[in-house]
Amino acid sequence: MKHLVGLLLGTEEDWPVAFEEIMRRAMPAYEVERVTIEPFDLRDEPRYDVVIDRLAYWYYHPREWLKKIAMMDDVYLLNSPFTFQSMEKHTAYCAMMRLGLKVPDTVLVPYKNPLDNARYAYTSARYNKAFDLDAIAERIGYPLVMKPYDGGAWRGVSLVRDADELHRAYDESGEMLMHLQKAVDGYDAFARSLSIGAETMVMNFHPELPMHSRYSVDHSFLSPEVGEEVVTIGRLVNAFFRWEFNSCETLIKGTDVHPIDYANACPDVALTSLHYYFPWAMKALVKWTVFCAETGRKPRIDLGTREYFAVEGTYAERLAAYRTLADDYFETERYHEFCAERLAHLDEAVLDWVAGPSFDRLLMNAVTATYPAHEHDRFIAHFRGLLALWVKDNS
Ligand SMILES: Nc1ncnc2c1ncn2[C@@H]1O[C@H](COP(=O)(O)OP(=O)(O)OP(=O)(O)O)[C@@H](O)[C@H]1O
Ligand SMILES: [Mg+2]
């Protein structure tokens, strides 16, 4: 039986080409098609088994198409807009706090500027309660981070060290809705984990460096226990919200793991950011797609919050219980069995491809599309080196 996978894309060209190429080489029963945007009849039957969405977070016509094919036709989506439209960073903080995770203290402050709505003046004059921003900041304690409640791409994020910076950040927030969050000061490690279905890669992240060196190739920057905790937290949040392709950020200080950013509907998987980890990401995306299409895994747009909220015990006991619930949701064991039985050839196919000329063309195209001409040679050499290391480590 043929399976059809749809890619709903914006401007990316690197990972879609990789995904199409791996499918073509290793999965002959699969066709991959880029979804086009056109009028759709709500009663039309979609042809896709799985759709990977990278567009609906800003383009609402295909977003509504995704919601129709999820609601009416059970098409499997990575990710479902049902779970991302109302469940963004703020909601993830709320869930994680209730689940007992170590989210830094966070306050949501009202808009700085009036909303563009005819009813605003009357409503705010009547119901907006005056508040003392300095008192809130002092209660949480400096340093703080002011950042939008939904987040994304560092837009409007600032570090706030004193009252002057606080007022400047709030004044500049304008029409953005802002969280004021206690900064995890002097953290030991920043772990950014990318999760695709039942797989997670925890990477050592350096937000202060330029894009191409933010992820360092480092497999022992966390103790095994802390590494497991980071994986568990990511899997928990993803299972809780039904997010299946998501990146998560935690700051590690001592043995404490503090989640700070856990809702990215369209996580960065660019070849020029992930480099060494790019082949892993592509394999995981192919495997999870095939697993969902072939096992008839049913998409869920409802949440099972009650079973998570019912968990009691110490922090460690709760994490263990959450891990079980999350692994149940992702069918982790069945997924790994499926990969071992049905997709064992994939590793070699991807290794051959990454070591060959067609991948090198992809790499050169990605670099020329990302960097100015005078930097091409330098970055081609840089990324070739990292991918050659991946080939060596995986041979
Ligand atoms: N509580 C915190 N303590 C310390 N640093 C923080 C905190 N919150 C945010 N930061 C810093 O600010 C950066 C951006 O914050 P955050 O990830 O929440 O925003 P974002 O817009 O979702 O970013 P992106 O989408 O690029 O991941 C983080 O990568 C981190 O370096
Ligand atoms: Mg972030």
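Summary of values
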read-out	value
Ascending count of other beta-carbon atoms within 10 Å, so fewest first, for Glu312, Glu307, Glu12	Glu312, Glu307, Glu12
Neighbour-count order for Thr91, Thr200, fewest beta carbons within 10 angstrom listed first	Thr91, Thr200
Crossing angle, helix 89-98 versus the chain [Cα axis fit, 0-90 degrees, rounded to tens]	80 degrees
³J(HN,Hα), Karplus 6.51/-1.76/1.60, whole Hz, each residue of region 142-153, x for Gly, Pro	6, x, 10, 10, 9, 7, x, 5, 9, x, x, 6
Euclidean distance of C-alpha centroids, region 123-151 and region 318-359, integer Å	43 Å
Entries in Lys68/Lys287; Lys182/Lys253; Lys102/Lys182; Lys147/Lys182 that, when Cα-Cα distance is taken, lie over 19 Å	Lys68/Lys287
About the Cα centre, charge dipole magnitude for the chain (Lys/Arg +1, Asp/Glu -1 at Cβ), debye	580 debye
Rounded to the nearest 20 debye, dipole of region 3-84 from Cβ charges on Lys, Arg, Asp, Glu	140 debye
Principal-axis tilt of helix 60-73 within the chain, Cα atoms, nearest 10 degrees	70 degrees
Helical contribution to [θ] at 222 nm, DSSP H n ≥ 4, -39,500 (n - 2.57), averaged over the chain, rounded to 500	-14000 deg cm²/dmol
Charge dipole of the chain about the Cα centre (unit charges at C-beta), most positive-ward option of Gly156, Leu325, Asn394	Gly156
Percentage relative contact order, the chain, counting C-alpha pairs under 8 Å, at least six apart	17 percent
Mean separation of Cα contacts under 8 Å (6+ apart) over length of region 1-153, as relative contact order %	19 percent
Residue exposure sequence - Leu303, Leu101, Leu180 - by fewest surrounding Cβ within 10 Å	Leu303, Leu180, Leu101
Percent RCO, i.e. relative contact order, over region 105-182, from Cα pairs under 8 Å lying at least 6 residues apart	49 percent
Burial order of peptide ranges 286-297, 355-366, 66-77 (average beta-carbon count within 10 Å, highest first)	286-297, 66-77, 355-366
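Rule-based calculations on the coordinates, nothing more; no lab input. The shown structure was predicted, so the numbers you read here are calculated from the model rather than taken from an experiment. Positions of Cβ are backbone-derived with ideal geometry, glycine not excepted, and every protein chain shown enters the neighbour counts.
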